[in-house]
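**Q** What follows is a single structure, and I will ask about it in a moment.
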Amino acid sequence: MNSSTSTNIGTSTGTSTGTGGTSTVITNIATLVTNDPSLRDGSPLGPVRDAAVVIDGDRVVWTGESSKAPATDNRVDAGGRAVLPGFVDSHSHLLFAGDRTEEFNARMSGRPYRAGGIRTTVAATRAASDAELEAGLIRYLEEALRQGTTTFETKSGYGLTTADESRALAVAARHTDEVTFLGAHIVAPELADDPAAYVDLVTGEMLDACAPYARWIDVFCEQGAFDGDQARAILTAGRAKGLHPRIHANQLSHGPGVQLAVELDAASADHCTHLTDADVDALAHSRTVATLLPGAEFSTRAAWPDARRLLDAGVTVALSTDCNPGSSFTSSVPFCVALAVRDMGMTPDEALWAATAGGAAALRRTDVGRIAPGAYADLILLDAPSHVHLAYRPGVPLVSEVWRRGVRVV
């Protein structure tokens, strides 16, 4: 794969040349998932059988039944495959160096997960060069693209100094517009005895240096990381600099994260494993998306988030990988879809929507996560007639083609 076509997979402002101004119809699609509920049976997926989709440049311009497709310059036969929107992975941590195999091995032998393990990656990341960080980022972006991810958010959080956080974000900004400043991942080791001083650093000098590269600001609101008051101060400071809040909330225990997310109109509250009825109600009556990250529960043997409870309450749910070296070292959205269906109470339809349109909602995007006129032409072809196979055949590499911005890149 050519890295020039496989990186920068999260951009929201760049424009691809697509097919050079020519139009293409992809036809003979067994099932087209549009995520347009106005189509067909009124389901959120908006499925079209025996379908076609027309791309002009980097955008979708038409969807419908194959027999009604307009004339185009080029024709591609999907061969009876399912066509889905490209996955939108709205939560990852890809700017790191080093390896935590020993920690994983110990955890699988009985040691519980704690936030402090992040310090191992901090030491390795600080020692890495910019080129090493970028090579790692490109590797994981390409890995994700091969598995159908066409939009990707990623965070800092493994530098925890002004210089290391800002250089990591500068690297990320070369490859995606969905960049998140997470200086508040944990308290930097050298200030472990003075967390107030570290909060002052994050909300002051570090924020000033990092804000130009980021769209979002995040904080790990959890025992062993930052409490509610610290998290509010950090997110409020970021918002004053033009960064929109998102938050790691209620992963390891009950806490104030979800309520704080709703209070500050955060785009997403991520993890949402330990929730009270009041937390669920607050999410249901807000714009904040509950982003569930089943790779973390899989890799830490923790309790699964109760997706059924959230969905039944009317909460908007996203599914993402949380790809990171410590607690969820997977870049595979299909794997997370299978986990969500098997262990979190989601139907195959709900899981696919959460991994596409739900991820787009968590990034407050309407131009990705769906196949509809005006959206970017980001789509994937499965070696299967239906999206249900993502959960039905877990672990099988079903993604046979990936189109991004109207270009076939896999």
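**Q** Over all Cα pairs of the stretch 83-158, how is the pair count split among 10 Å bins, expressed in % and running from 0 up to the last occupied bin?
**A** 17, 39, 34, 10, 0
**Q** Right, next: With an 8 Å Cα cut-off and a minimum separation of 6 or more residues, compute the relative contact order for the chain in percent.
**A** Relative contact order, the chain: 20 percent.
**Q** For the stretch 215-345, count all C-alpha to C-alpha pairs, find those more than 24 Å apart, and express that count as a whole percent of the total. Numbers along the way, then the final one.
**A** Numbers: 2041 of 8515 pairs.
Tail of the P(r) past 24 Å holds 24 percent of the pairs.
**Q** To continue, here is another question. Let's test the formula: R0 of 45 Å, r as the Cβ-Cβ distance of residue 342 and residue 74. What FRET efficiency results, to the nearest 0.05? Intermediate results must be reported in sequence, preceding the final value.
**A** Numbers: r = 39 Å, r/R0 = 0.87.
The computed FRET efficiency comes out at 0.70.
**Q** Keeping all protein chains in position, work out how much accessible area residue 139 exposes to a 1.4 Å probe, and write it in Å² to the nearest 10.
**A** Rounded to the nearest 10, that gives 140 Å².
**Q** Where does the chain land at 222 nm, in deg cm²/dmol rounded to the nearest 500, when only DSSP H runs of n ≥ 4 count, each adding -39500 (n - 2.57), divided by all residues? Before the final figure, lay out the partial values.
**A** Numbers: 16 runs with 128 residues, N = 410.
One gets -8500 deg cm²/dmol as the mean residue ellipticity at 222 nm.
**Q** In addition: What accessible surface, in Å², does a 1.4 Å probe find on residue 68, ignoring ligands, DNA and RNA and rounding to the nearest 10?
**A** About 140 Å², ignoring ligands and nucleic acids.
**Q** If you roll a 1.4 Å probe over the heavy atoms of the protein chains, what accessible area per residue do you get for the stretch 45-134, in Å²?
**A** 44 Å²
**Q** With the Cα gyration tensor of the stretch 42-113 giving a ≥ b ≥ c as the square roots of its eigenvalues, does the rule (a/c under 1.5 for rounded; else a/b larger than b/c for prolate; else oblate) give rounded, prolate or oblate?
**A** Prolate, because a/c is 1.5 or more and a/b exceeds b/c.
**Q** Compute the convex hull volume of the Cα atoms of the stretch 351-400, divide it by the residue count, and report the result per residue in Å³ as a whole number.
**A** Dividing the Cα hull volume of the stretch 351-400 by its residues yields 83 Å³.
**Q** If the stretch 139-289 were replaced by its equivalent ellipsoid, with semi-axes equal to the square roots of 5 times the Cα gyration tensor eigenvalues, what would those be, largest first, whole Å?
**A** Its equivalent ellipsoid spans semi-axes of 23, 21, 14 Å.
**Q** What angle do you read, to the nearest 10 degrees and between 0 and 90, between the alpha-carbon axis of helix 228-240 and the longest principal axis of the chain?
**A** 60 degrees
**Q** Scan around residue 217 for amide H atoms under 5 Å from its own, H built in the peptide plane at 1.01 Å from N, and keep only partners 5 or more places away or cross-chain.
**A** Placed amide hydrogens put 181, 244, 246 under 5 Å from residue 217.
**Q** Here's a follow-up. Please work out the C-alpha center-to-center distance from the stretch 134-191 to the stretch 212-281 and express it in whole Å.
**A** Spelled out, the Cα-based centre of one part sits 18 Å from the other.
**Q** Distance from the Cα centre of the stretch 361-375 to that of the stretch 283-306, in angstrom?
**A** Rounded to whole Å, the Cα centres lie 22 Å apart.
**Q** A follow-up question, please. May I ask for the Rg/Rh ratio of the stretch 45-184, computed from Cα atoms with Rh as the Kirkwood radius, given to two decimals?
**A** Checking Rg against Rh, the ratio lands at 1.14.
**Q** Using θ = phi - 60° and the Karplus relation 6.51 cos²θ - 1.76 cosθ + 1.60, list the HN-Hα couplings for the stretch 360-375 in order, rounded to whole Hz, with x at every Gly or Pro.
**A** Once rounded to whole Hz, the list reads 4, 5, 5, 9, 6, 10, 10, 9, 9, x, 8, 10, 8, x, x, 7.
**Q** Going by average Cβ density within 10 Å per residue, which order do the peptides 128-135, 336-343 take, highest to lowest?
**A** So the order, starting with the most tightly packed, is 336-343, 128-135.
**Q** For the full complex of protein chains and a 1.4 angstrom probe, list 277, 270 by accessible area with the highest value first.
**A** Result, largest first: 277, 270.
**Q** So, one more: Ignoring everything but the protein chains, give the 1.4 Å probe accessible area of residue 329 in square angstrom, nearest 10.
**A** The accessible area of residue 329 comes to roughly 100 Å².
**Q** Explain nothing, just the number: relative contact order of the stretch 248-325, from Cα pairs under 8 Å at least 6 residues apart, as a whole percent.
**A** It rounds to 27 percent for the stretch 248-325.
**Q** Using the Karplus equation 6.51 cos²θ - 1.76 cosθ + 1.60 (θ = phi - 60°), what ³J(HN,Hα) coupling, rounded to whole Hz, does each residue of the stretch 119-130 give in order, writing x for Gly and Pro?
**A** Result, rounded to whole Hz: 4, 4, 6, 4, 4, 5, 5, 4, 7, 7, 7, 4.
**Q** For the stretch 341-410, what is the relative contact order in percent, using Cα pairs closer than 8 Å and at least 6 residues apart in sequence?
**A** 26 percent
**Q** Which residue, chosen from 44, 61, 332, occupies the Cα position most advanced towards the positive end of the dipole of the chain, where the dipole is computed from +1 (Lys, Arg) and -1 (Asp, Glu) charges on Cβ about the Cα centre?
**A** After comparing all options, I get 61.
The values are calculated or read from the model by the stated rules, or taken from the named source; none is laboratory data. Everything numeric here is computed off the predicted structure, so don't read it as measured data. Here Cβ is always computed from backbone atoms with ideal geometry, including for glycine, and neighbour counts include all displayed protein chains. Keep in mind that these areas ignore ligands, DNA and RNA; they rest on the heavy atoms of the full protein, side chains included. Shrake-Rupley method; radii C 1.70, N 1.55, O 1.52, S 1.80 Å.
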